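Every number in this text was worked out from the coordinates using simple rules, so none of it is lab data. Small disclaimer: the values here were computed from a predicted structure and weren't measured. Neighbour counts are summed over all protein chains in view; Cβ atoms, including those assigned to glycine, are modelled from backbone coordinates with ideal geometry.
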Amino acid sequence: MFKEFKDFINRGNVIDLAVGVIIGGAFTSIVASLTDNLINPLLGVFLGQVDFSSLVLKVGAASFKYGAFINSIINFLIIAFVVFLMVKAINKVVPKPKKAEASPSNEELYLKEIAELLKKQ
């Protein structure tokens, strides 16, 4: 059982996934800091409010924190845009594997021979 677990962990996909999750977590904190410290103040200059998280709509006893939702949307858009740029850059750098030309089937070879014989006649 330990050997199976070791084989599972040593697979490239599992290790790549673990690295991706760790990097994604760190990247999320960077984007949150970017949003809180740079983008929200910039938007606040134009909209007159720096901290969106304080925006709340109260209906009776319920409080709807739509400002925090706006912050989450901004974070998502930044992450999505950066991931888009990274994938685009990686696609330019990493060469696409060339498709190996499939060898013709026996039927295609026979048809080609028949066509050549007909041309000779």
Using a Gaussian network model on the chain with a 10 Å cutoff between Cα atoms, which of I30, I15, I79 fluctuates the most?
I15
Which value at 222 nm does the chain reach when only helices count, each DSSP H run of 4 or more adding -39,500 (n - 2.57), with the total divided by all residues and rounded to the nearest 500 deg cm²/dmol?
-22500 deg cm²/dmol
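Given a Förster radius of 30 Å and the C-beta distance between V56 and F27 as r, what FRET efficiency does 1/(1 + (r/R0)^6) yield to the nearest 0.05?
Numbers: r = 29 Å, r/R0 = 0.96.
Calculated transfer efficiency: 0.55.
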Applied in sequence order to the stretch 58-74, the curve 6.51 cos²θ - 1.76 cosθ + 1.60 (Karplus, θ = phi - 60°) yields integer Hz couplings, x standing for Gly and Pro, of 9, 10, x, 8, 8, 10, 9, 8, 6, x, 5, 5, 4, 4, 5, 5, 4
What residues have an amide H closer than 5 Å to that of L55, excluding those fewer than 5 places away on the same chain, when H is modeled at 1.01 Å from N in the peptide plane?
G67, A68
Looking at the chain as a GNM with Cα springs under 10 Å, which of G25, G44, G60 has the largest mean-square fluctuation?
G60
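Taking a ≥ b ≥ c as the square roots of the eigenvalues of the Cα gyration tensor of the chain, is the shape rounded (a/c under 1.5), prolate (a/b larger than b/c) or oblate? Mind dumping the intermediate values first?
Numbers: a/c = 3.57, a/b = 2.27, b/c = 1.58.
Cα axes put the chain in the prolate bin.
About its Cα centre, how strong a charge dipole does the stretch 2-120 have in debye, to the nearest 20, once Lys and Arg get +1 and Asp and Glu get -1 at the Cβ? Numbers along the way, then the final one.
Values: 13 positive and 10 negative charges, 29 e Å.
So the magnitude is around 140 debye.
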In degrees between 0 and 90, to the nearest 10, how far off the longest principal axis of the chain does helix 106-120 point, with axes built from Cα atoms?
50 degrees
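In the stretch 9-112, which trypsin sites (Lys or Arg not before Pro) fall in coil by DSSP and have 15 or fewer other Cβ atoms within 10 Å? List each step's numbers first, then the result.
On the way: sites: R11, K58, K65, K88, K92, K98, K99, K112; in loops: R11, K65, K98, K99.
Within the stretch 9-112, the qualifying trypsin sites (Lys or Arg not before Pro) (loop, at most 15 other Cβ atoms within 10 Å) are R11, K65, K98, K99.
Quick check: from the Cα gyration tensor, does the stretch 57-113 come out rounded (a/c under 1.5), prolate or oblate? Could you put the intermediate results ahead of the total?
Details: a/c = 11.40, a/b = 3.17, b/c = 3.59.
Oblate shape, in that a/c is at least 1.5 and b/c is the bigger or equal ratio.
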For Y66 paired with L118, estimate the spin-label separation in nm (one decimal), with each label point 7 Å from Cα along the Cα-to-Cβ line.
7.2 nm
